[in-house]
Each structure stands twice: as structure tokens, then as C-alpha cells.
């Protein structure tokens, strides 16, 4: 019989002819080492993937907040120029977010400030926290007079250590 070393050739006997055939396949040790290396690489990639998903949601949240705040500012600018009929106590801010989507009449034209109320990527709903200009800056309840600012209702913490609802 042939040698038991990996890669060695063994003798195959049959019908009087002796052939040398190389050993085929992997040893158990080679297989265990390969599986261990693949497992370590997979474990190293998993946290990176989780950070990427969280980072993407944070980008979406910042973009959505910017878009809504910009729409509020454009509404306020139009109200300050006298183009929008407003209530006296609203101080020129919209009464709610839906008004920004539905639009208002400005000089016989319908002007919309938002296409749709964005879905909060953290809470997966269109229910955003609202502040009127009469509310405290850190208030969690909305006075209902107007919409001065928006924030997420998520109490999660961002990668930079800040709370999402303070953005």
C-alpha cells in the first residue's frame, strides 16, 4: 500500500497492472481550518453591515427633517410677504403638516410645499413630533397653535451619541 501522507500517491492493483493515483479530497483538519476562517470573516463583516444600515437610516432622518423644516420656512416666508391668508395667532406658520402637502392658494394659484409627509425611518410612521413657536424648545407635547418645528418621536441614540429626537 502507499504512504498515508497528504498528496502522496497510492498503488491501485487490478488485473495485474499497478497504477499510482494521487489522493483526492481534503483532510478533516483542512476542512475545519477553512470553515473557521470563513466564520471569522463573516463575524467581522456583520457589525459593519449593521452600522451601514443605521448610518443610512440616520441620513434619511436628517434629509426628511431638513425637507420638512425647509417647507415650513417657505410657508412662513410666503405668509410674511402677505401671499397666504393666515390666522392672527399663527404668526405665519402652518397649522399642521398636512397643510404643507395639500397646499394653499397664493394669488389664485395652488402652492404646495411638500409632496408628501415623509415616513420617519426610525419609527416607520408619518407621525412626527411637532412644536409650535409657543412651546418650550425641549417640549414633548404640541400646543396645536402652529407648526414651528418637527422632530422624530424615536428615543433612540445616534452613532454620534446624540438622541434622535433632539435633531
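The values are calculated or read from the model by the stated rules, or taken from the named source; none is laboratory data. Computed from a prediction, not measured in an experiment: that's the story for all the values here. Positions of Cβ are generated from backbone atoms using ideal geometry, with glycine treated the same way; all protein chains shown enter the neighbour counts.
A few comments on the model shown:
- Pair list, Cβ < 9 Å and 6+ apart or interchain, from the stretch 51-62 residues that are at negative phi and surrounded by 14 or more Cβ atoms within 10 Å (Cβ to Cβ) to residues that are part of a helix (DSSP H, G or I) and modelled with pLDDT of 90 or more: 58/164; 61/164
- Per-region count, the stretch 87-113, residues part of a strand (DSSP E or B) and either exposed (fewer than 14 other Cβ atoms within 10 Å of the Cβ) or modelled with pLDDT of 80 or more (or both): 5
- Among (1) surrounded by fewer than 14 Cβ atoms within 10 Å (Cβ to Cβ); (2) touching a strand residue (DSSP E or B) at 6+ places or on another chain (Cβ under 6 Å) - the single one residue 83 does not satisfy: (1)
- Near pairs, Cβ below 7 angstrom, 6+ apart or cross-chain, from the stretch 14-38 (on the phi < 0 side of the Ramachandran plot and surrounded by 10 or more Cβ atoms within 10 Å (Cβ to Cβ)) to any residue that is at pLDDT below 85 and part of a helix (DSSP H, G or I): none
- Residues of the stretch 114-135 satisfying the condition of being surrounded by 15 or more Cβ atoms within 10 Å (Cβ to Cβ) and under 27 Å from residue 55 (Cβ atoms): 114, 117, 118, 120, 121, 122, 123, 128, 129, 130, 131
- Scanning the stretch 128-141 for residues that are over 26 Å from the mean Cα position of the chain (by Cα) and either touching a residue at least 40 places away in the same chain (Cβ under 8 Å) or under 23 Å from residue 63 (Cβ atoms) (or both) turns up just one, 133.
- Checking residue 51 against (1) modelled with pLDDT under 90; (2) more than 30 Å from residue 130 (Cα to Cα), the condition it does not meet: (2)
- Criterion: surrounded by 14 or more Cβ atoms within 10 Å (Cβ to Cβ) and touching a helix residue (DSSP H, G or I) at 6+ places or on another chain (Cβ under 9 Å) - qualifying residue of 138, 149: 149
- Of the criteria (1) without any contact (Cβ under 8 Å) to a residue 60 or more places away in the chain; (2) surrounded by fewer than 16 Cβ atoms within 10 Å (Cβ to Cβ); (3) part of a loop (DSSP other than H, G, I, E, B), which one residue 159 fails: (1)
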